[in-house]
1. Select, from T370, T401, T355, T360, the only residue that is hydroxyl-bearing (S, T, Y) and crowded, with 18+ Cβ neighbours inside 10 Å.
2. Are there helices (runs of 4 or more DSSP H) fully within the range 148-239 with at least 3 residues that are surrounded by 22 or more Cβ atoms within 10 Å (Cβ to Cβ) and in the same structural domain as Q258 (by TED's automatic domain parsing)? List them.
3. Which is basic (K, R) and closer than 19 Å to L292 by Cα, of R176, R149, R189?
4. Taking the range 302-320, which residues are farther than 19 Å from L88 by Cβ and either of a type in the set (G, A, S) or not in a loop (DSSP other than H, G, I, E, B) (or both)?
5. Which condition does T279 not pass, out of (1) surrounded by fewer than 22 Cβ atoms within 10 Å (Cβ to Cβ); (2) of a type in the set (S, T, Y); (3) in contact with a Leu (Cβ under 9 Å, 6 or more places away or on another chain); (4) within 17 Å of R428 (Cβ to Cβ), if it passes all the others?
6. Can you tell me which residue in the range 404-453 is nearest to the chain's Cα centre (by Cα), limited to those that are within 19 Å of Q245 (Cβ to Cβ) and assigned to a loop (DSSP other than H, G, I, E, B)?
7. Taking the range 417-461 as the region of interest, how many residues are surrounded by 13 or more Cβ atoms within 10 Å (Cβ to Cβ) and either of a type in the set (S, T, Y) or over 22 Å from Q258 (Cα atoms) (or both)?
Amino acid sequence: MLFTSVAFLIFLPCVVLLYYLLPARHRWLLLLPASYLFYGWWKVEFLVLILFSTLVDYLVSRSMYQARSMIKRRLLLGVSLLSNLGLLFLFKYVIMFTEKPDPMILNIYSVDHPIMGMIKYGIYYAIPVGISFYTFQTLSYTIDVYFQRIEPEKHFGRFALFVSFFPQLVAGPIERFSHLMPQLKADHRFNYENVRNAFRLMLYGFFIKMCVADNIAPLVDAVYTNPNTYTTLSNWIGTLGFGFQIYADFAGYSLIAQGASLLLGIQLMDNFRTPYLSTNITEFWSRWHISLSTWFRDYLYIPLGGNRVAYGRWVLNILVVFAVSGLWHGADWKFMVWGLIHGAMYLLQRMGKQTGWTRTMPLWLSGLLTFIGVQFAWIFFRIDGMEGVSDHLHNLLHAGTQSLQIPPYVWLIIGFFILSDWILYNTRVDRWIGSKPIWLRWITYAWMLWCIAAWSGVTNHPFIYFQF
């Protein structure tokens with residue numbers, strides 16, 4: 001179910017209303033089937049995968065916590081890692097190493113073998129939405145139980161809700177058990193302040209998704225589909241446009257998820273904090289997709305030894321983490337290259353800091369170089385296959401004669417988005433609006449509502465991170 005669909009705008013108020021009518025101890029009986037309905041709206045068959053991951057990690061974590069033998073605990077952790085990462089590999093990465101079957105032949109095969117046909121079709125043509133997100137969420141839980149940072153959840157239904165909580169199920173943020181579960185159990189009372197802040201978060205999220213991202217998307221698609229047709233300037237606009245599209249798209253989703261959750265009294269973590277205003281790549285990754293970057297820090301970088309190892313091993317650790325974070329995004333080597341570019345930028349920054357040549361660099365110049373590097377890396381993220389990278393880079397300097405036709409209101413919307421990003425550098429949209437006089441608050445509401453009503457993108461593009 002898309003956040004921007006009519007179905008969701010009916011679904012959410014119904015869930016919120018019933019939620020506050022039920023006693024706190026029974027609310028999981030509402031939220032769990034609601035979450036499964038939310039996910040199954042897209043493809044009900046893949047609920048089996050969520051249920052499988054939930055059941056395995058529930059049983060493994062309880063057995064692991066009770067086990068006295070370290071060998072047994074390690075074996076149980078291995079079961080969790082193998083089952084979760086195995087599903088992830090099967091449904092997301094196996095296509096990197098095999099040739100796709102003909103869909104017509106596969107459809108014929110599915111008539112006689114419906115179960116295997118569904119699995120094969122899912123593997124090659126329909127990556128389960130959100131599989132990377134809920135897999136990492138359950139993995140963090142199992143690993144935390146293994147290291148005895150948390151106690152395992154005894155109630156299967158509530159644990160299943162932790163895995164599938166609908167606002168953040170398909171595109172995060174990736175929540176930790178210690179942060180989300182106590183809130184799922186708490187007796188939240190209806191709170192007007194929460195509703196008001198939720199409205200602000202969701203309104204701004206809908207604005208940057210439907211007005212910014214969805215209006216930029218066709219311009220980006222046009223340039224990346226036929227780069228030889230457009231002028232050099234148009235190719236540059238399309239290239240930079242994707243950077244703003246993916247930011248507005250994903251940050252918009254995260255804000256809507258935060259708002260929907262806050263309506264239930266549950267606080268999700270911030271996933272974005274104006275990343276394009278970062279002055280270096282370290283700051284960028286502390287502001288971009290925060291739940292993923294902190295996940296890799298805690299569950300990959302630190303277990304590899306972090307910075308407590310020899311310099312050469314540390315460099316390898318950095319490159320491994322960034323390469324894996326790139327591959328997390330998709331089954332294509334271009335994503336690994338994208339991650340390694342960020343890894344190289346991080347190492348260059350650290351080298352500059354150690355040698356001293358960046359200490360005298362003005363912050364604006366450091367920020368500009370960081371922005372340029374990030375936008376350059378997005379080319380590898382967006383391009384269709386590595387073979388198209390050289391052509392796209394060539395067209396940034398030598399291209400055709402056709403110019404992109406960009407309506408004036410799109411420039412106005414983008415300008416408002418850039419201005420708002422600058423304003424929100426050290427705060428969040430709900431807090432900023434809440435601190436302003438009532439006349440300014442309502443002008444801001446009216447402006448965003450007008451933009452959504454009048455200037456939403458003609459095509460409702462799916463959220464980019466649904467494919468991951």
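The values are calculated or read from the model by the stated rules, or taken from the named source; none is laboratory data. Since the structure is predicted, the reported quantities are computational estimates derived from the model, not experimental observations. All Cβ positions, even for glycine, are placed from backbone atoms using ideal geometry, and neighbour counts span all protein chains on display.
1. T370
2. 192-207, 214-225
3. Checking each option against the conditions leaves just R176.
4. Correct list: G305, G306, A310, Y311, G312, R313, W314, V315, L316, N317, I318, L319.
5. Against the list (1) surrounded by fewer than 22 Cβ atoms within 10 Å (Cβ to Cβ); (2) of a type in the set (S, T, Y); (3) in contact with a Leu (Cβ under 9 Å, 6 or more places away or on another chain); (4) within 17 Å of R428 (Cβ to Cβ), T279 comes up short only on (4).
6. Among them, the one singled out is L424.
7. 7
To keep it simple, each residue is scored yes or no on (1) outside any helix (DSSP H, G or I); (2) over 20 Å from D144 (Cβ atoms); (3) touching a helix residue (DSSP H, G or I) at 6+ places or on another chain (Cβ under 7 Å).
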{"site": "F8", "(1), (2), (3)": "no, yes, no"}
{"site": "Y20", "(1), (2), (3)": "no, yes, no"}
{"site": "Y36", "(1), (2), (3)": "no, yes, yes"}
{"site": "L49", "(1), (2), (3)": "no, yes, yes"}
{"site": "D57", "(1), (2), (3)": "no, no, yes"}
{"site": "V60", "(1), (2), (3)": "no, no, yes"}
{"site": "L77", "(1), (2), (3)": "no, no, yes"}
{"site": "V94", "(1), (2), (3)": "no, yes, yes"}
